[in-house]
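Note sheet for the following structure.
The values are calculated or read from the model by the stated rules, or taken from the named source; none is laboratory data. Keep in mind the model is a prediction, meaning the values are calculated, not measured. Because the Cβ atoms are built from the backbone with ideal geometry, glycine has one as well, and the counts that use them run over all protein chains shown.
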Amino acid sequence: MTNPVPGFSQGIYTVATYDGKSLAEAIAAEAPKAHVIKAFNLCPTKLWASPAPIMMDGRQHTTPFCGGNAAARKKAASLIEEVGSEPVDLGDIEFARQLEAMGSLIVKLVAEGHDHMTCFQLIQPEVKPIA
């Protein structure tokens, strides 16, 4: 749930990396028996307390997440659904790099005056079967 933006207090919003890895990847490398999942980092904590389903601009909120273990990702998807969001499984933990970068953009936008509930939302057209 963290975003590695160490320069935040100085107005610097670049993401910290750890030997070229995301914070989540670095944690996974230090704790190889742990099943690290990157999730819930693109929205403020207040959003997660909203009644389910969480709606953003008339659509169900989406939560991208990733992790190195398929069973752990399945559990994460279940937790995301429990809080009323739609899980978007990005796959392996390497995609935490993108999630952490997206998180730093949210921190920057909010710090510069955007609404504190600002977050990213995956928007896609409804998938319809081909006739």
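Couple of notes before you dig in:
- Only one entry of 84, 20, 68 meets the criterion of being at pLDDT below 90 and not acidic (Asp, Glu), and that entry is 20.
- Count of residues meeting criterion [touching a helix residue (DSSP H, G or I) at 6+ places or on another chain (Cβ under 7 Å) and not hydrophobic (A, V, I, L, M, F, W, C)] in the stretch 80-119: 6
- Scanning the stretch 23-41 for residues that are closer than 26 Å to residue 108 by Cα and either of a type outside the set (Phe, Trp, Tyr) or without any contact (Cβ under 8 Å) to a residue 12 or more places away in the chain (or both) turns up 23, 24, 25, 26, 27, 36, 37, 38, 39, 41.
- Any hit, the stretch 94-110, residues being within 24 Å of residue 6 (Cβ to Cβ) and in a loop (DSSP other than H, G, I, E, B): no
- Residue check, residue 52 farther than 24 Å from residue 7 by Cα, without any contact (Cβ under 8 Å) to a residue 60 or more places away in the chain, out of contact with any Lys or Arg (no Cβ under 7 Å at 6 or more places or on another chain) and buried (at least 19 other Cβ atoms within 10 Å of the Cβ): no
- Yes/no for residue 34 being over 18 Å from residue 62 (Cβ atoms), in a helix (DSSP H, G or I) and more than 14 Å from the chain's Cα centre (by Cα): no
- Top-ranked residue in the stretch 1-31 [being over 22 Å from residue 67 (Cα atoms) and not in a loop (DSSP other than H, G, I, E, B); ranked as farthest from the chain's Cα centre (by Cα)]: 10
- Of the criteria (1) touching a residue at least 12 places away in the same chain (Cβ under 8 Å); (2) in contact with a strand residue (DSSP E or B) (Cβ under 9 Å, 6 or more places away or on another chain), which one residue 71 fails: (2)
- The stretch 16-36 - residue that is closer than 17 Å to residue 99 by Cβ and among the charged types (D, E, K, R) and, of those, surrounded by the fewest Cβ atoms within 10 Å (Cβ to Cβ): 21
- Picking from residues in the stretch 111-129 that are free of Cβ contacts under 8 Å to residues at least 12 places away in the same chain and closer than 16 Å to residue 5 by Cβ, the one that is farthest from the chain's Cα centre (by Cα) is 112.
- Whichever residue in the stretch 55-93 is among the aliphatic types (A, V, I, L, M) and in a helix (DSSP H, G or I) and, among such residues, is surrounded by the fewest Cβ atoms within 10 Å (Cβ to Cβ): 71
- Among the residues making up the stretch 1-30, those that are closer than 26 Å to residue 81 by Cβ and out of contact with any Asp or Glu (no Cβ under 9 Å at 6 or more places or on another chain) are 1, 27, 28.
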